[in-house]
Each structure stands twice: as C-alpha cells, then as structure tokens.
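The values are calculated or read from the model by the stated rules, or taken from the named source; none is laboratory data. Please read all numbers here as calculations on a predicted model, not as lab measurements. Note that we place each Cβ from the backbone using ideal geometry, even for glycine, and neighbour counts take in every protein chain shown.
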Amino acid sequence: MISRIHEFNTNHWNVYVVATYYHRDLINLICTLGGVTTMRPFLEKFFPSILKKAASGGAETNVYCVFDSELLTAFTSSLYIAGLVASLAAGRLTTAIGRRNIMVVGGCTFFAGALINGASQNIFMLILGRILLGFGVGFTNQATPVYLSEMAPSKWRGAFSTGFQFFICVGILIANCINYATSKLSWGWRLSLGLAIVPAVTMTIGALSISDTPSSLVERGKVEQAKQSLAKVRGTNNNTEIEAELADLIRSCEIARASKEEPFVTIFRKQHRPHLVMSIAIPFFQQMSGINIIAFYAPVLFRSVGLGNNAALLGAIILALVNVGAILVSTCIVDRFGRRFLFIQGGVQMLVCQVAIACTLAASIGENGRKHISKQYAALILALMCIYAAGFGWSWSPLNWLIPSEIFPMNIRSTGQSISVAVNFATTFVLSQFFLAMLCHFKYGVFLFFSGWIFVMTMFIVMFMPETKGVDLNSMHQVWEQHWFWGRYVKRSVLVPQQRS
C-alpha cells in the first residue's frame, strides 16, 4: 500500500482533491436537508401539519405514517427532477465547453440555491432554492466522474473514482454533524442551510484552479493546452511519453468525429447496446437498493421507529461514519479485487440486512406501528443499518459512478454519463415521491420490497457485468467483445489506440 501511495504524485493528488472535494460540498447541503426536516422550528414554519398529526393521537399516531406529507415530499423531491433536466443538458454542454467549466456553472447555481434556502420565508422560496441546488448537482454529477476517469491512469482509475464517493460520504457526515449541533436552536435550520454558501464559494474557486482533461481539450481542438495538461497531471517531463499519449488521444478523437453523428443517436446503435444497458441499469439498481431513501430520511426513520429527535440525528451520524470507513476500504481494494467482487459481496450483505431489518421492525412495533419500540430493538435496527451501509459503501455506492464513467468510448462518454446521472435522478425522484407513503402502507414490508430488488441487481451483475479493472479507456471494447452475452452486439470494426498510463 505504501509503495502504491508513493506512485501517486502531487499533481494526481491536487486534481483528485479539488474535483472530489468540489462534489462533496454539493452533497453536503442535500443531506443537511434530511436532518432539517426533523427540526421542530423548521416543521412549525413550513410543515405544521406534520406536527399536528404527531400530536393528534388516535390512529394517526401510527409511527410509520407520521411524516407522510405530500408537501414535504414535493419539497424533498424537487431537487431530483431539476437534477435530471440539468444532467441531460450537461451532456452536450460538457462536450462543447469542457468538464471543468460545467463544474464552475454547477457551483454558481449551487451558491444561488443555498442563498435562497438559507433566507427562505415561505415554501415557494424553499422549493425554488431546492430546484437551483438540483441544477448544480445535475451539472456536477455529470462532469466530475468523467473528469476523474479521464485524468486518472488506468491502474488508479478505480481509486480515483471511489474517492469521489468517499468525499460525498464525508459531506454527508459533515451535514449530519451540523444538523446535530444546530437542532436545539430555533434558527438552527437556517444555519444548517445557509452555511452551504461557504463551501459553494470555495468549490467554485477550486474548480477554476484546475485544468480541464486532455481528452476534453483535444475534443475542442485545444491540442497545445491538452499537451500541457498531460504533462502536469502525469507529473513527467518526458516529452516522448507525453507526445505518444497525446497522439493516441488525437487519433481517438478523429475516429469519434468521423462518424459525424449526434451522440444521442450513436449511443442507441447496436454496438453500444451493453454500454447503454449498464448506464441505465446500474444507477437504477443503485437507487432501488433503498440506500438514498434511507440516508436522506435516516433521521426521520429513526424518529419514526421510536428514537428522539437528537438520538435520530446521532444515529444518522453513526451511519455516515460507517459509510466513510466503507468507502476507504473500497478505495484500497477496488483496483486489486475488481468491480465484480465488490458488487456481488456488497449485494449479499445488503440483502441479508434488509431482510433482518424488516423482521426486527415486525417483531418490535408490529404491523400497525403503534407499539413503543424498546431501546434494545432500536439499537439492533441501527446496527443492521450500519452493516447494510458498510456493504453499500464499498460496492454500489462508488461503483455506480465508476462504471458508467469508464466504459464509454470518447465520442459518447459525456452522453453516456448524462444518461446515467439522469436515470439516477429520475429513479430517486420517483422513490422520494412514494417512499413515505410506502412506509405508511407497506410498513416493515418496504424493506422486503427493497431486498427483492437487491437480489435482482446482484444476479444481474453475476450474469452481465464483465470485469473492467485495469483496462485502458480506449481498449474497453475488448471487454465487451469477449463477454458471453454482449459479444453478439459488439464487433471489432476499428482498433482504437490504447491510452497509455
């Protein structure tokens, strides 16, 4: 491990930290909102019906249903529909103006959204700010994974991209700590939302301090800048190596341009069928594991099953700490054991935990949700969620971003990432619309619902996902050609030169 760290030069580290830290701050605010929705002053100002329902007594005290509010659901899910639109638009914009510039645009819209959310006086301002945040996250979710994948040497690509998810988890942890610290203040929710202005400025300046990827620069005809970017990120003055890699990029770009076809048309061609399926299936399955819903609503969920408000926020912090540790494990082993191993092992672990959570809820608070949960059962649920979060943290959490960013050829890479992010947002939007209602009506069965999807997606990986570790981006077609199923769709027509690392 130490020898591998020595190979990781200063220029690699600078690019890695700025790009991943940049996205961490976006996620920071999103997760802050999950805890804000349990703060009493926030609910009193914007969602008083929830407090009335909780205090009304009778049938409405069913703990599964207290937070089932259409207005709250609209507030939380508005970000995802905005992110979906932004991610699709970002596909064309990323190709036209570059990966780095899209991150700058995302930072500016994020700043505006944070400012409006922190100063909100009514539900309209809350939702407007949330939509602007969605645009910021949509732009950066599309651009940042592609940026990291194109900057990283092949042998480090997995670590780079899983590091992206690591900083997301650090953002979640910081957000939950902020919520816990401000939960007792009457204006704490404003502080939680408003503090996002500081990282918004920081991350925008950070994005301006890094160069764009050599691939993007070549794609836009800036060959000399691409050469300088290559020399900087590879940390070498060996002109022969730089010229050779640059020549490979130029040839790859010329091959891509030769088709003269709209990328959104090209991606639907038969030879790109496996790429398209993966760009849709992986983000879809990731969301259907239930993790984003659990992470976002963790404070609400813990409060619903009997933990107090502060205890619920503390439980969310524990989950976030577990996630951070799991991502560190993934970063260290993804390029050693491969993507398939982590997908399958994590899937099995998550499946067992989801079923166990359902059984524990059934035994502790029953189907009607009116029993008071004991501390022992609450602790068991938290422990199971931690084990579940660990399994997700070293598998589907980082690999959801890694796989789509590394499997596409240059001419449709931005388009493929746009589709992947759009599917992610679309699925999250639908789930956020229905999760609280599902929790109310399915009760503990909602976890069995997600466990069924975990089984399906694990079998999908076993059958259809080839191993991509250590494969050069411009040689990725060989992986699909050799696969037992996808080989019938992918035929070698042009040998694209390998990208040196």
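Kindly indicate which of 464, 447 is of a type in the set (A, V, I, L, M, F, W, C) and surrounded by fewer than 21 Cβ atoms within 10 Å (Cβ to Cβ). After applying the criteria, what remains is 464. Within segment 434-451, residues that are free of Cβ contacts under 8 Å to residues at least 12 places away in the same chain and among the hydroxyl-bearing types (Ser, Thr, Tyr) have Cβ atoms under 6 Å from residues that are exposed (fewer than 15 other Cβ atoms within 10 Å of the Cβ) and not in a loop (DSSP other than H, G, I, E, B) in no pair, counting only partners at least 6 apart in sequence or on another chain.
Every listed requirement among (1) at pLDDT 90 or above; (2) crowded, with 23+ Cβ neighbours inside 10 Å is met by residue 323 save one, (1).
Considering only segment 41-57, state which residues are among the small types (Gly, Ala, Ser) and modelled with pLDDT of 70 or more.
If the condition is that a residue be among the small types (Gly, Ala, Ser) and modelled with pLDDT of 70 or more, then 49 is the only one that fits.
When every residue of segment 101-115 is checked against the conditions, none turns out to be part of a helix (DSSP H, G or I), farther than 30 Å from residue 190 by Cβ, at pLDDT 50 or above and in contact with a Gly (Cβ under 9 Å, 6 or more places away or on another chain). Residue 426: at pLDDT below 80, part of a helix (DSSP H, G or I) and hydrophobic (A, V, I, L, M, F, W, C), yes or no? Spelling it out, it is not the case that residue 426 is at pLDDT below 80, part of a helix (DSSP H, G or I) and hydrophobic (A, V, I, L, M, F, W, C).
Do we have residue 38 as of a type in the set (Val, Ile, Thr), surrounded by 19 or more Cβ atoms within 10 Å (Cβ to Cβ), over 26 Å from residue 156 (Cβ atoms) and at pLDDT below 75 here? Here the answer is yes, as residue 38 does meet what is asked. Among the residues of segment 202-244, those that are of a type outside the set (A, V, I, L, M), under 17 Å from residue 413 (Cβ atoms) and crowded, with 19+ Cβ neighbours inside 10 Å comprise 212, 213, 214, 215, 216, 219, 229. Among residues of segment 326-364 being in contact with a helix residue (DSSP H, G or I) (Cβ under 7 Å, 6 or more places away or on another chain) and among the small types (Gly, Ala, Ser), the one that is modelled with the lowest pLDDT is 364. Here residue 185 meets each of (1) assigned to a helix (DSSP H, G or I); (2) hydrophobic (A, V, I, L, M, F, W, C); (3) surrounded by fewer than 19 Cβ atoms within 10 Å (Cβ to Cβ) with one exception, condition (1).
Checked against (1) crowded, with 23+ Cβ neighbours inside 10 Å; (2) within 25 Å of residue 153 (Cα to Cα), residue 192 passes all but a single condition, namely (2).
Residues in segment 192-218 that are assigned to a helix (DSSP H, G or I) and in contact (Cβ under 8 Å) with a residue 24 or more places away in the chain: 18 in all.
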